[in-house]
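Student: Before I ask anything, here is the structure I am working with.
The values are calculated or read from the model by the stated rules, or taken from the named source; none is laboratory data. A quick note: this is a predicted structure, and the numbers were derived from the prediction, not measured. Don't worry about glycine lacking a Cβ; one is built from the backbone with ideal geometry, like all the others, and counts go over all protein chains shown. Areas reflect the complete protein model, heavy atoms only, side chains present, ligands, DNA and RNA absent. Shrake-Rupley method; radii C 1.70, N 1.55, O 1.52, S 1.80 Å.
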Amino acid sequence: MIAGHWDLVVAGGRIAGAATAWALAPYAEKILVVDASRPTAFWPQQSTWDRTGNLAWAELGLLDTVLACGAPRTYGDTYRVGDEVVERVYPLEDEYSYRMSVSREVLDPALLAAARGRGNVTVLRPAQLRDIALDAGGVRGVTVRHAGVDREITCDLLVLADGRLSRNAERVGATAYRVVDSPWFALLAYYENLPLPTDRSYFSLQDRSVLISTPCGDKQWCVALDLHQSLIDEAGEHPARMYDRMVRADQHVGPAVVAGRRATSVGGAGRMRMLRRPMSGPGWCLVGDAGYHLDPVTAQGTRAALVTARILRDRVAAAGRVGAADLTGLTEERDAALEDDWAYTEQIVAPG
């Protein structure tokens, strides 16, 4: 039964939502995670991070969960710009100095299972947040639809981790105050049995395109291609067709994909707006893409999601419990922590 009162309700059970539920579990009696996706859904996304991401996972106590996903660690890459190729080795500063890429079909359920394993976290999936009850401008509770039935519950805090297109953010008054339109289209597919090294990645930066190949599991690789919209317009070709043609034409990845096998369809999205919304208000908080979305072209989204979860965790930990936390000033703290990531990504998306 989900009726009654919950210390915390989290809308969204993917990276940001699951990590937040995990991180706040020690400071709550009951946490409810409401996730609309189905376990069998194919998500054309991967999660990639390097040393700073590894440190962020460790700070939340989730690094062991991530490593158990089975993705190989990479310690260097083949970096191609135009016709120039450089073989790079990552500096081994400490035990966190490596790069990892994990498919979201593997990573997200692992994080959700870790949160559920806390013992006081209940996960409803698939389920939807149908309505938000506001009292004097603050969140009092929500209506959750699960198995075709609507249930009204109350909560001390509502965390929205339901992505960049969050309609719930608008319901609580979290209007975007910084928006940058992106001209990039991101595509990817997973491949099996490619004759490529499992401890190195590949980057190819060409005219208005970025091709990346990374090992992401046992005999599995993710091949991602970012295309500038102007290139798609000039070609007059469907992005999925351009993906297949350009991947096969690449001098490094092309022969490998011919020898291996593509295990999924080509998926992706384009013209995704970068945005910033307020991180918190009376009775609510936004984590991950719902409050701070970076274009995936720079692969900084995972770390940004973890940083927002950590900032909220630290504020709640200082108060001792979810219901006692003072959420004022979180927006400024988040923006300052992620300013370099935003500036770097905005320079790629909309160069001055």
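Student: Go through (1) open to solvent by less than 50 Å² (accessible area, probe 1.4 Å); (2) under 16 Å from the mean Cα position of the chain (by Cα) and name the single condition Arg273 misses.
Tutor: Only one criterion is unmet by Arg273, namely (1).
Student: Which of the residues that make up the stretch 105-119 are surrounded by fewer than 21 Cβ atoms within 10 Å (Cβ to Cβ) and either on the phi > 0 side of the Ramachandran plot or modelled with pLDDT under 95 (or both)?
Tutor: Glu105, Val106, Pro109, Gly119
Student: Taking the stretch 152-170 on its own, how many of its residues are without any contact (Cβ under 8 Å) to a residue 40 or more places away in the chain and either crowded, with 19+ Cβ neighbours inside 10 Å or among the hydroxyl-bearing types (Ser, Thr, Tyr) (or both)?
Tutor: Total meeting the criteria: 0.
Student: Picking from Ser265, Ser230, which residue would you name as being in a loop (DSSP other than H, G, I, E, B) and of a type in the set (Gly, Ala, Ser)?
Tutor: Residue meeting the stated conditions: Ser265.
Student: Now a separate question. Test of understanding: among Val149, Val223, Val179, which residue is open to solvent by 60 Å² or more (accessible area, probe 1.4 Å), β-branched (Val, Ile, Thr) and free of Cβ contacts under 8 Å to residues at least 40 places away in the same chain?
Tutor: Val149
Student: Give the number of residues within the stretch 1-30 that are hydrophobic (A, V, I, L, M, F, W, C), more than 18 Å from Ala110 (Cβ to Cβ) and part of a strand (DSSP E or B).
Tutor: So the answer is 4.
Student: For the stretch 301-328, how many residues meet the condition of being open to solvent by 40 Å² or more (accessible area, probe 1.4 Å) and part of a loop (DSSP other than H, G, I, E, B)?
Tutor: 4
Student: Give me the residue from the stretch 329-352 that is out of contact with any strand residue (DSSP E or B) (no Cβ under 6 Å at 6 or more places or on another chain) and closer than 26 Å to Gly138 by Cα and, out of that set, most open to solvent (accessible area, probe 1.4 Å).
Tutor: Glu332
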